[in-house]
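Here the structure is laid out as structure tokens; the discussion comes afterwards.
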Amino acid sequence: MCLAIPGKLLSITAQLDDTFRQGKVSFGGICKEVNLSMVPEAQIGDYVLVHVGVAIGRVDEAEAMQTFEYLKQMGEMEELNTPENKNQ
């Protein structure tokens, strides 16, 4: 099953235009580069839902924290901790 994971937008790292907008997103301390083209309104500090490396929407902080808690209870947060992220 695929699902979107909430993360906090820490920085916008590239913004040539809305099509190639990129940002660094933190998923409970694990940071990844994410395509922001589908959420042109997203600003630093916002929580975004990310699916397959693309932010697909914004959520409020309370909803993001609740989702993190559910994922931790299910043991799904470990999937984000891939070998390349352990060195960050």
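Bear in mind these aren't lab numbers, they're just calculated from the coordinates by the rules spelled out. Worth saying up front: this structure is predicted, and the values here are computed from it rather than measured. Glycine also receives a Cβ, built like all others from the backbone with ideal geometry; neighbour counts cover every protein chain displayed.
Filter the range 44-68 for residues that are closer than 18 Å to THR19 by Cβ and in contact with a strand residue (DSSP E or B) (Cβ under 7 Å, 6 or more places away or on another chain) and give the result. VAL48, VAL50, GLY53, VAL54, ALA55, ILE56, GLY57 - these are the residues of the range 44-68 that are closer than 18 Å to THR19 by Cβ and in contact with a strand residue (DSSP E or B) (Cβ under 7 Å, 6 or more places away or on another chain).
Within the range 20-63, the set of residues being part of a helix (DSSP H, G or I) and either within 10 Å of the chain's Cα centre (by Cα) or closer than 14 Å to LEU10 by Cα (or both) comprises just one member, GLU61.
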